[in-house]
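Here is the structure we will look at, set down as C-alpha cells.
Taken together, the values in this text are just the output of simple stated rules run on the coordinates, not laboratory data. Keep in mind that what you see is a predicted model, and the values were worked out from it rather than measured. Using ideal geometry, Cβ is built from the backbone for each residue, glycine included, and neighbour counts are taken over all protein chains shown.
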Amino acid sequence: MPFNAIRCCALLCIMSATSAALAQGDVPEGFNTPIPESIMTPDEVETSIGTLRFFDGMPTEATVETVYDNLDRMRGVEVFLDFVPLASIEGMRRGMKSVGVEKANQVLLYDDLMDSNSLFLTGNTDTVYAIGMLDLERDGPTVIEIPAGAGPGTVNDACFRFVTDMGAPGPDRGKGGKYLLLPPGYEGEIPEGYFVSKSPTYVNWLPLRGFLKDGKTDAAVEMWTRNLKIYPLADAANPPAMEFVSGSGKVMNTIHANDQTFYEEIDDVIQREPVDAIDAELRGNLAAIGIVKGRPFEPDARMQGILRDAAAIGNATARALAFRPRSESIWYYGPEAGWLTAFDGGDYRWLIEDGLGGRNKDARTLFFYIATVNTPAMVLKMVGVGSQYALAAIDAEGAYLDGGLDYSVTLPPDVPAKDFWSLVVYDPQTRSMLQTDQPYPSKNNERNLDLVTNPDGSTTIWFGPKPPKGHEANWIQTVPGKAWFLCLRLYGPLESWFDKTWRPSSIQRVK
C-alpha cells in the first residue's frame, strides 16, 4: 500500500476512535455532540478567592471584578518578589545620599568599622568598607583606581547584577589597577591601560573591603584614603579630590520599603534607567500595575488598596523564603544542622543547570531580601581567595532563635579561613545587625584577640541576654522578645570548607 494511503488510513482510524469515544458520553443541553467535561466551565466554581459565577461560560460582573482584582494583586506580588534586588540598590542609593555620598569622588568609609546603628542588609563588623555610588548618565565613563592589597571588591548595576570584581578576586588579582566602567549604549573610544566593563544601567554600586591588621583599621583606612581614586574619565587629567564620609556610628537607612511605597521606589528607578535595562516580560508586569517609563505612576484608590495587599503578601513570601526555605538544595549539611547558603544553587545568576532549568527566582529573592553584593567570588570554589557564607535562623531542634534564651555554637579547630572568620548576629525585622548594648554584635578571630579556645582547639561562642559566667569574652548579646539569626563568614576559605570535612556545630539551646 502506498505511504500516503497508509497515513490516510491511520488518520481515519484515529478520527473514528475519537468520535466513538465522544459518542459514548452524554450530549449536554445546547449541543449537538458530546463535549469533553474538561473544556467546560460550570456556572459556579469554588476557588481560594471565593465563588466564581458564570452564565454559560460568561463571567458575571462580580466575578469579573474579583478576578481582575486578583490579577492585579498577582502582578503586584510578582513585582515585589522580582524587584527586591532593584529596590535594594535604590535603598542604598538613598541611604548613602542622606549622609552626603552622591558624587563619584565621594565614598562612605567605615573607618571605625560598621556597627549596629546602620540599617544595612547583613553588613559586617569585620572589614573596612569603602562604598561608592556611581552615576554613569551624569558622569559618563568612570575610572576606579584600586590600590594594591585591597580585599574583595565588586561593581553591581542598578538591578544588583554583577558587573565586575576588583581586588583579590578581580582581574588585578590584588595588585591594584585602573578600572573603567562604561555606561549603557557607549560607543566612544576606549583608552588602553584599563580593566574595562560595560554596565547595563546608569547607577552602579561599588562596595570595597579592606582587611584589619592586628585587629586594627589603620592600615586599611590609609590604603583607601591615600590610594583609592574615583573620577569621570573626562576628568582624568585633573580628577577632583576624593571625599571620605565616615559611616561609623552613623544612623542611616539603606533598606527598601516593605509596604506599598516599595512600588514608588521601583518607579523612581524605572524612570531613571534605560528602558532596556529590564526585559520586556518584567516590564509587562510593571505596566500591569501602572509603572511605565515616561509616564506618571498614579494608582487610583482601588489599585492603592491592592498594592498594599500585594506588598504585604510579597513581604511575607520573601520572609518565608529567607527564614523557612523549602528548598532541599539550600542546606549545607541537611536541614537538621540548620546551616544554609544564601546562594541556593551555587550560581550568582541564579540559573538552574546553567539555564537549562531557567532561573531560580525564589533563590534570587531569598538572597536579596537578606543580603547584598552579588559576585561569583562569593559562590565559586576559590581556595584561599574570596569569601564564603553560612546562615542559620533555627536551633538544633528546628525552632527560631529566641533572644530571651541562651545558645551556643562551636567552631571546630582549624577554621578554614586563610584571612579570618567571623560570626555576626542579625535582626530578622531589619536584616541588619542586632541592636544591643554591644555596638558590634559579633566575634572575629582577627579583631577579638581575647577569644578563649577550648582545650581541643575549638571555639565556642555563646548567645543570650546576659553573659554566661566564665564565657564573657566569647559572648554575643541578644534581646528578650526578639528573634535573631546568624551569619558565619570565612574570608579566604580553605579546602576543608568546600569538601565539608570541617563543619560548625548546630546552634544548641543551653538549658
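Structural remarks
- For segment 461-509, a Kirkwood radius taken over Cα pairs fed into Stokes-Einstein (10 °C, viscosity 1.306 mPa s) yields D = 120 µm²/s.
- Sorted largest first, extent of segment 191-327 alpha carbons per principal axis (Å): 55, 39, 32
- Length added when fully stretched, residue 281-residue 313, from 0.36 nm per residue minus Cα-Cα: 9.4 nm
- Computed packing ranks the peptides 261-272, 213-224 as 261-272, 213-224, most packed first, by mean other Cβ atoms within 10 Å.
- Under 29 Å from the Cα of residue 229 - lysines, other chains or at least 8 residues apart: 97, 103, 175, 178, 198, 213, 216, 250, 418
- For the pair residue 48 and residue 510, a Förster radius of 35 Å applied to the C-beta separation gives a FRET efficiency near 0.20, rounded to the nearest 0.05.
- Of 487, 159, the sequence from fewest to most neighbouring Cβ atoms within 10 angstrom is 487, 159.
- With the highest mean first, a sort of the peptides 151-158, 70-77 on other beta-carbon atoms found within 10 angstrom per residue produces 151-158, 70-77.
- Separation of the residue 186 and residue 31 label points, Cα + 7 Å toward Cβ, nm: 6.3
- Helix-only mean residue ellipticity at 222 nm for the chain, each DSSP H run of n ≥ 4 adding -39500 (n - 2.57), per residue, nearest 500: -8000 deg cm²/dmol
- Near residue 227: Cβ cut-off under 13 Å, other residues only, Lys/Arg at +1 and Asp/Glu at -1. The net charge is +1.
- Diffusion constant of segment 100-246 at 10 °C, which comes from Stokes-Einstein with the Kirkwood Cα-pair radius and 1.306 mPa s, µm²/s: 103
- Distance between the C-alpha centres of segment 297-371 and segment 215-239: 36 Å, rounded to the whole angstrom.
- Rg and Dmax of the chain, Cα atoms only, in Å: 27.7, 95
- Expected-Rg normalisation [2.2 N^0.38 Å, Cα atoms] applied to segment 326-509: 1.02
- The chain - percent relative contact order, Cα under 8 Å, separation 6 or more: 16
- Gain in span if fully extended, residue 503 to residue 352, counting 0.36 nm per residue against the direct Cα distance: 51.8 nm
- Relative frequency of Cα-Cα separations exceeding 15 Å in segment 123-198, percent: 57
- A crude spin-label estimate for the pair residue 175 and residue 148, with each label 7 Å from Cα along the Cβ direction, gives 0.9 nm.
- With the simple spin-label model, which puts each label point 7 Å out from Cα in the Cβ direction, the residue 225 to residue 62 separation comes to 7.1 nm.
- Quotient of Cα Rg and 2.2 N^0.38 Å for segment 427-511, N being how many residues it contains: 1.18
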